[in-house]
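Laboratory data are not the source of any read-out in this text; all were calculated from the coordinates shown. Since we're looking at a predicted model, the values are computed, not measured. Methodologically, a virtual Cβ is constructed for each residue, glycine included, from the backbone with ideal geometry; neighbour enumeration extends over all protein chains shown.
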Amino acid sequence: MSDIETLKAELKKLSARATSAKMDLHDLSEELPKDWEKIPEVAAKTFEAFTALAAKKAELKKLES
């Protein structure tokens, strides 16, 4: 498997993880003020998922150019 194919596979997994984290944050926001204490934890998880996704996208773009 080439480096680009490997990165695309990793990107797909990270994208799914980011989407899941986004939905968790969305679900939490809809239930507010219930479980408001979980906001920092869920937000941090979402932030980390999207940070990893952005880094992997940048890596792929650099490799493709």
- Computed over all unlike Cα pairs, the Kirkwood hydrodynamic radius of the chain in Å stands at 12.9 Å
- CD proxy, 222 nm, the chain: helix-only mean residue ellipticity via -39,500 (n - 2.57) per DSSP H run with n ≥ 4, per residue, nearest 500, stands at -29500 deg cm²/dmol
- Where in segment 48-62 does the label zone of SER2 land, with the point 7 angstrom along Cα→C-beta and an amide N cut-off under 20 Å? 56-62
- Message: What do you get for GluC sites (Glu not before Pro) in segment 19-65 restricted to DSSP loop and a cutoff of at most 14 other Cβ within 10 Å of the site's Cβ?
- Response: GLU31
- Given the chain, what count of lysine pairs have C-alpha atoms under 25 Å apart, with each pair 8 or more places apart or on different chains? 29
- Note on the structure: Taking Cα atoms, the helix 39-64 axis meets the longest principal axis of the chain at an angle in degrees (rounded to 10) of 10 degrees
- Message: On C-alpha positions alone, give me the angle between the axis of helix 3-30 and the longest principal axis of the chain, in degrees, nearest 10.
- Response: 10 degrees
- GLU31-LEU63 pseudo-label distance in nm [points 7 Å out on the Cα-to-Cβ vector]: 3.7 nm
